[in-house]
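Values in this text are rule-based calculations from the coordinates and carry no lab data. Nothing here was measured: the structure is a model prediction, and the numbers come from that model. Note that we place each Cβ from the backbone using ideal geometry, even for glycine, and neighbour counts take in every protein chain shown.
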Ligand SMILES: Nc1ncnc2c1ncn2[C@@H]1O[C@H](COP(=O)(O)OP(=O)(O)OP(=O)(O)O)[C@@H](O)[C@H]1O
Ligand SMILES: [Mg+2]
């Protein structure tokens with residue numbers, strides 16, 4: 001047996017002792033409705049918010065729902081859970097989802113794509129997708145059959161790829177066809193704020209007609225996002241706004257239990273009072289992990305994933321407080337080794353050095369060292385560092401303030417310079 005085989009078997013042994021088949025945590029929610037089944041197994045909490053949303057969709061009127069909350073709080077997971085519920089329970093509703101790509105320029109095109117993708121039996125919808133160079137679920141094949149003396153030749157035409165010329169009209173057309181079959185059509189457009197702010201403004205302004213039309217919309221944004229202001233204040237488009245806040249410790253603990261159990265389907269133990277429900281964690285380290293996550297689902301996922309990886313490298317039987325400590329060190333070092341440019345790095349160091357940074361606390365000296373004139377110029381870098389879970393936005397009213405994320409070790413937690421023992425296998 002080769003050394004690599006040994007390694008594999010050893011890892012197998014670790015996981016079988018832990019009673020889980022794999023590391024169940026994921027950094028991001030799934031990106032299509034079809035993958036939402038996995039999410040169903042682990043989705044935890046948000047009962048009140050779901051109730052608000054579901055009640056809104058019980059009315060006759062079309063709805064425009066805004067789901068807002070900070071990075072990694074669970075906006076995508078929430079709307080996918082909501083849509084998958086609608087799909088299972090509300091037969092008269094057609095629920096669609098699309099995550100807006102960064103380079104998107106108009107909403108109508110993407111609303112059109114979201115809708116067309118779910119209209120599998122509609123040939124025209126499938127044709128529209130194909131024309132845009134997107135894979136239709138059912139291919140409207142254009143076959144040409146030529147018969148000559150000996151052969152029957154069938155060739156498939158490639159349709160030239162082109163974006164719709166009048167996306168809003170195409171969308172309305174398709175929506176009309178959908179509304180012949182369904183009482184309600186819901187279009188969820190996720191990740192609006194991941195665009196450049198000027199583009200978001202432009203996009204939303206020109207999509208007013210679309211958003212006020214016959215479909216219901218679900219949009220997501222960050223609490224202090226420009227998107228939210230435009231939608232609610234400038235355009236007054238939103239009729240129901242749902243804020244996702246951090247989860248309490250008990251819910252976070254149940255979430256941890258659900259994730260771990262999703263990797264041991266046959267021996268699931270879902271009672272949070274049963275210590276075996278959090279294996280390979282002990283109740284003590286499981287609680288510590290949840291506290292560290294501060295009720296942010298993505299923090300829990302990232303921490304869980306790094307800590308289990310480290311524990312597997314250590315061949316640990318259980319996540320004892322010492323294994324957890326090493327797992328947290330490992331998390332810190334992994335996060336810092338994500339790809340950063342030198343500018344990103346300087347900004348990170350500035351925030352870590354000062355403890356927190358905002359337009360009000362940044363000094364001219366700081367800015368000069370970063371070779372910028374205004375605080376605003378480093379905002380995109382700060383946002384990027386937040387997305388990488390290195391920094392977080394502090395819940396300060398008004399000015400944007402940034403501090404280190406709880407996934408990084410605090411100054412007092414830093415290991416002393418001598419190499420910690422037990423590194424590696
Ligand atoms: N209620 C929940 N139950 C279980 N897992 C959740 C829940 N909410 C979020 N998650 C998980 O936490 C991670 C982060 O959530 P998600 O991607 O939905 O956050 P987000 O708010 O959409 O983030 P971003 O601002 O980056 O788009 C994902 O792995 C997701 O599946
Ligand atoms: Mg998201």
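Label the range 153-265 by shape, choosing from rounded, prolate and oblate, from the square roots a ≥ b ≥ c of the eigenvalues of the Cα gyration tensor; if a/c is under 1.5 it is rounded, and otherwise prolate applies when a/b is larger than b/c, oblate when it is not.
Details: a/c = 2.06, a/b = 1.32, b/c = 1.56.
In terms of gyration-tensor shape, oblate.
If you average the sequence gap of Cα pairs under 8 Å that are 6 or more apart and divide by the length of the chain, what percent do you get for the contact order? Walk me through the numbers before you get to the answer.
Details: 616 pairs, mean separation 77.9, N = 425.
Relative contact order here is 18 percent.
Against the empirical 2.2 N^0.38 Å (N residues), the range 342-412 has a Cα radius of gyration ratio of 1.01.
Taking the range 270-360, how much of its Cα-Cα pair set, in percent, is spaced more than 17 angstrom apart? Counting pairs separated by more than 17 Å, the tail of P(r) holds 58 percent. By how many degrees, between 0 and 90 and to the nearest 10, does the Cα long axis of helix 249-262 differ from the longest principal axis of the chain? Approximately 70 degrees, to the nearest ten. Note: the range 1-105, Cα convex hull, 179 Å³ per residue. Sorted from longest to shortest, the spans of the Cα atoms of the range 190-331 along the three principal axes equal 59, 30, 23 Å. Relative to one another, the C-alpha centroids of the range 44-99 and the range 323-357 are positioned 35 Å apart. In terms of Cα atoms, the Rg and Dmax of the range 50-129 work out to 14.1, 40 Å. Please determine, in degrees from 0 to 90 and to the nearest 10, the orientation of helix 297-313 with respect to the longest principal axis defined by the Cα atoms of the chain, where the helix direction is its Cα long axis. Helix 297-313 sits at roughly 60 degrees to that axis. Shown here are the Rg and Dmax of the Cα trace of the chain, at 25.0, 86 Å. The listed peptides 32-42, 320-330, ordered by packing as a protection proxy, come out as 320-330, 32-42 (highest mean of other Cβ atoms within 10 Å first).
Can you tell me the 0 to 90 degree angle between the C-alpha axis of helix 342-354 and the longest principal axis of the chain, rounded to 10? For helix 342-354, the angle is close to 50 degrees.
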